[in-house]
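The values are calculated or read from the model by the stated rules, or taken from the named source; none is laboratory data. None of these values were measured; they are calculated from a predicted model. Cβ atoms come from the backbone with ideal geometry, glycine included; neighbour counts cover every protein chain shown.
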Amino acid sequence: MPIALAVGGTLFARQTGVTWNGGQGITESVAQIMARKPAPETFRVRPVLPRFIRSPNIPQNPNSPDTAQWPAPNAKTPVLTPSQTPLFTPQVVGTSFLGAQISDTIGYVPPDSMADAGWSQILVCVNGRIRTFTKDGAADGVLNATTDQFFSSVLDSSSTADPRVRFDRLSGRWFVTMITTVNSSNLVLLAVSSGPTITTNSSFTFFSFTADPVNFGDYDTLGVDANALYIGVNVFDSNNNLVNTTGFVVNKTNLMNGTLTVTTFTNLIDGTGAGPETPQGVNNDDPNATEGYFIGVDANAYGTLVVRRVSDPAGTPVISTNILITVPATDPPMGGVPALGSTNPLDDLDDRLFAARMHDGVLWTAHNIEVNSTGVANSHGGRDGSRWYEITNMTGTPSVLQSGTLYDTSSSNPTNYWIPSC
């Protein structure tokens, strides 16, 4: 029986959000979207948004064990080197194909690559391009537009950034979100398909709402379950200082019927400084789910994840206070991954969680951190590793069932593993 790590965070109170009814969305056929001419612009390298780096001075959770895996290694669960690890081949790489490249856009950097697989298609979305493919990896020509062209009906005077794509297996709908890049009071943009297969005659319905009334809502995340969509943002002031984080709960039934009902939960980072940075909305394909979740790294301590539980997401949503989960020690990534043949490093962002999803009642999530040659978090470790977590008992007191780290044991020129999915 696995031993779970200790969890803090007794629920003393719940937060009621502010609900806004945005009215009817704007429906356009794919043919109409494709017929719209994109604005003519010259190609040049265009940094999309300011970079946010978490402070390395945040303290480590004193209860976080210095280990690369949980349960901690012992005689029954030793750390295996690559040569000792048995080879299992439950699946092999199927189709590999080019989804988009910088020349498909007007020069956006970074691409913020996103995609999901539906029943018959793959939908790829990067900064500046959205495109459909067959399951064989061939562009089917049905949808191939700039993201400004795609979201034109709800776009403000700026441009689109930070795409998210989800195919919801419960409703058979595609959901796409982005934000606009105006410096303050920017928008969250949302599109929902008319069905599971995107054709010339199918349609998307478009919506928008304000990410923050004063500041800039950045890096929208997206989770979908039986009841709602869960969208999180980091909120920055005009000097690019992190102000707080916000979670939005969008009523799914209303959305699929063409109207927007969104409940906003501001200040997810509480007065003590604890709370989820980059709050990831959690994806969950359980048709019987009755509550939803946001999860993120703790703004107040490394070695800690924070869950916010959403009750009654299909009715009058309320959100829990912070539920703190102690995990093996973490650190920020190196601050740049060496690139072969270049003096410019590749961006490894920070230690934010990159996605979160539920499978059979347990939550899986992952992020990148700097580690040493034994896979333990270390600010001088010289390599980035990918840390994953399996978290159980989400409806009660969440705890880590197991976690592990993908890393290179080499003493010099190690391979880096970063920006993991789950």
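Structure summary
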read-out: Qualifying residue in the range 188-196 (condition: farther than 29 Å from Phe133 by Cα and within 21 Å of the chain's Cα centre (by Cα)); value: no
read-out: Residue in the range 308-329 that is among the acidic types (Asp, Glu) and crowded, with 17+ Cβ neighbours inside 10 Å present; value: no
read-out: Subset of the range 194-221 that is buried (at least 24 other Cβ atoms within 10 Å of the Cβ) and hydrophobic (A, V, I, L, M, F, W, C) - its residue that is farthest from Asp270 (Cα to Cα); value: Phe204
read-out: Within the range 232-268, tally of residues that are closer than 13 Å to Ile319 by Cβ and not small (Gly, Ala, Ser); value: 10
read-out: Pick from the range 366-384, criterion touching a Ser or Thr at 6+ places or on another chain (Cβ under 7 Å) and part of a loop (DSSP other than H, G, I, E, B), ranking: nearest to Ser412 (Cα to Cα); value: Ser373
read-out: Meets criteria (free of Cβ contacts under 8 Å to residues at least 60 places away in the same chain and small (Gly, Ala, Ser)) for Ser320; value: no
read-out: Selection within the range 385-422 - farther than 30 Å from Val310 by Cα and part of a loop (DSSP other than H, G, I, E, B); value: Tyr407, Asp408, Thr409, Ser410, Ser411, Ser412, Asn413, Pro414, Thr415, Asn416, Tyr417
read-out: Leu242 modelled with pLDDT of 95 or more and closer than 18 Å to Ile179 by Cβ; value: no
read-out: Residue check, Val233 without any contact (Cβ under 8 Å) to a residue 60 or more places away in the chain, more than 18 Å from the chain's Cα centre (by Cα) and not in a loop (DSSP other than H, G, I, E, B); value: no
read-out: Count - residues of the range 260-297 that are without any contact (Cβ under 8 Å) to a residue 60 or more places away in the chain and assigned to a strand (DSSP E or B); value: 2
read-out: Any hit, the range 290-301, residues being surrounded by fewer than 22 Cβ atoms within 10 Å (Cβ to Cβ), within 20 Å of the chain's Cα centre (by Cα), modelled with pLDDT of 95 or more and of a type in the set (Asp, Glu); value: yes
read-out: Counted residues, the range 356-382 - those being of a type in the set (S, T, N, Q) and touching a Leu at 6+ places or on another chain (Cβ under 9 Å); value: 2
read-out: Strands (runs of 3 or more DSSP E) (entirely within the range 81-192) containing at least 2 residues that are surrounded by fewer than 22 Cβ atoms within 10 Å (Cβ to Cβ) and free of Cβ contacts under 8 Å to residues at least 40 places away in the same chain; value: 129-134, 139-145
